[in-house]
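First up is the structure itself, then whatever we jot down about it.
The values are calculated or read from the model by the stated rules, or taken from the named source; none is laboratory data. Keep in mind that this is a model prediction, so the values were computed, not measured. Here the Cβ is made from the backbone with ideal geometry for all residues, glycine too, and neighbour counts use every protein chain on show. Protein only, heavy atoms only, side chains kept; ligands, DNA and RNA dropped before computing areas. Shrake-Rupley method; radii C 1.70, N 1.55, O 1.52, S 1.80 Å.
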Amino acid sequence: KTTSTQYGGGNHHSDGSPNTTTTTTTIDDTSTTVKQSYMVIPNHTMFQSTLQVLSHYIQLPNSKVIVFFPTTDTVALYAHIFNSHDRHHSAAATTRKPVLEIHSQKSQGLRIAVSNRFREISTGALF
């Protein structure tokens, strides 16, 4: 599915024609077959809210979660928290879901490998 949107401003070209910008967005079949949602979490509840939501969704069968964090350090922190929790709780270790970490401080080769692994797994999270 392809959609086009034109944005017109009050400005005109020198020939008098309107100055418009056309943005074209192509949406593949994934967007119609995969449930997608997002949350905007206030800063003061970010840590607690994120942990609660992720703890819930990461345990659902056949679910994948992608979380966008504002900084590399935040990605590393959340990946460490989720991976450490699983190692220290034997009950969680038996149902361990992959929590993968990808950001600009990782080498391009590692980012490709992590991205490929996330595509292959049926359940897990990518931070």
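Say we look at segment 72-94 and pick out the residues that are open to solvent by 70 Å² or more (accessible area, probe 1.4 Å) and either of a type in the set (V, I, T) or assigned to a loop (DSSP other than H, G, I, E, B) (or both); which of these is modelled with the lowest pLDDT? Steps first, answer last, please.
First, pick out the residues of segment 72-94 that are open to solvent by 70 Å² or more (accessible area, probe 1.4 Å): 73, 77, 80, 85, 87-91, 94.
Right, trim to either of a type in the set (V, I, T) or assigned to a loop (DSSP other than H, G, I, E, B) (or both) and you get 89, 94.
Working: H89: 53, T94: 43.
This residue is T94.
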Contacts under 9 angstrom Cβ, first residue in segment 106-124 being part of a helix (DSSP H, G or I), partner loosely packed, with under 10 Cβ neighbours inside 10 Å and at pLDDT below 95, 6 or more apart: R111/S104
Search result, residues across segment 33-65 that are in contact (Cβ under 8 Å) with a residue 12 or more places away in the chain, charged (D, E, K, R) and either in a helix (DSSP H, G or I) or loosely packed, with under 12 Cβ neighbours inside 10 Å (or both): none
